[in-house]
Amino acid sequence: MSLECSADGHVATITITNPAKRNAMSPAMWEALPSLLDRLAVDDSVRVLVLTGAGGTFCAGADIGALPDLAGPKHDLATQAEQALAAFPKPTVAAIRGYCVGGGVQLAAACDLRVAADTARFGVTPAKIGIVYPVTALERLVQLIGPARTKQLLFTADLIDATTAYHYGLIEQLVPDADLSQRVSALSATMAARSQLTLQATKDVIDTLTGPVPEAATQRHRRWLHEALSSGEAGEGISAFLERRQPAFAWPRRD
């Protein structure tokens, strides 16, 4: 399992590689992403970054079996990686085929643009294991698809197909699976040929206009994260996932 980096001209590609678990992100992979992005950010030969997954899957989310203690010092590795990707100063494109779920959506939403194959499937599934989706990721989803559709994705934890994701506004381009690589290459080459000053200035200003997460939302998220951990809701959800059984969610307990 690793993040593999390659370059083709002025386009760098980071490939999420964990085929045994549908490219789920391990803690080590989350932790490695920011430093990899830092290196690419200061490489003047890199003008565009593509994020994709190995084989036929983008990313099935976090590797639940390898999660550190959710209350421990590394509980926010995914958010740190997401924020580093969003702050990358050059244009970023998520090339998506197959499953894009949970942390996969978190990474895709942190990219500037998303191009998906018609075989792609999307879902945000923390409600299946009783955890709280990161506030930064929620903010990005609300900006992309609006509050009601964000709620629907998280309330149901159901997967949606690529056509639905396109209509929602979760992806910008929808292409036949066989054409995905060619379309992403053409898009990346176009952006790499444009004024890099214009592209980076545009990204910087637009991201400033959308603004940071309101402090009130951050505080509420911390409160709910503490409740998920202290109540045992997250522990039951993760145990059920690993044991391949239906979770017995009991929150709120009144005894």
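Before moving on, here are some points about what is shown:
- For segment 85-93, Karplus couplings with θ = phi - 60° (6.51, -1.76, 1.60), whole Hz, Gly/Pro x: 5, 5, 7, 4, x, 9, x, 10, 10
- Helical content of the chain, expressed as a calculated mean residue ellipticity at 222 nm, amounts to -14500 deg cm²/dmol (DSSP H runs of 4 or more residues, -39,500 (n - 2.57) each, divided by residue number, nearest 500).
- Counting only Cβ charges, +1 for Lys and Arg and -1 for Asp and Glu, the dipole size of segment 66-188 around its Cα centre is about 80 debye.
- Each of ALA186, ALA127, GLY169 was scored by the projection of its Cα onto the charge dipole of segment 2-193, and the greatest displacement toward the positive side belongs to ALA127; charges sit on the C-beta of Lys, Arg, Asp and Glu.
- The Cα center of segment 222-255 and the Cα center of segment 117-142 differ in position by 18 Å.
- Paramagnetic label zone (point 7 Å from Cα along Cα-to-C-beta, ASP118; backbone N under 13 Å) in segment 176-198: 176-180
- With the convex hull of its Cα atoms as the shape, the chain has an orientation-averaged projected area of 13.7 nm².
- Principal-axis tilt of helix 180-193 within the chain, Cα atoms, nearest 10 degrees: 60
- Order of LEU107, LEU242 - criterion: other Cβ atoms within 10 Å of each residue's Cβ, fewest first: LEU242, LEU107
- For SER231 and ALA41, the difference between the fully extended length at 0.36 nm per residue and the C-alpha to C-alpha distance is 64.3 nm.
- Between helix 233-243 and the chain: long-axis angle, C-alpha atoms, 0 to 90°, nearest 10: 80
- Using C-alpha pairs under 8 Å with a sequence gap of at least 6, the mean separation divided by the residue count of the chain gives a relative contact order of 18 percent.
- The angle separating the long axis of helix 196-210 from the principal Cα axis of greatest extent in the chain is about 30 degrees.
- Given their separation in residues at 0.36 nm each and the Cα-Cα distance between them, PHE249 and THR198 gain 13.3 nm when the chain is fully extended.
Read the figures in this text as sums done on the coordinates, not as results from a lab. Keep in mind that what you see is a predicted model, and the values were worked out from it rather than measured. When we count neighbours, we look across all protein chains shown, and the Cβ atoms used for this are built from the backbone with ideal geometry, even at glycine.
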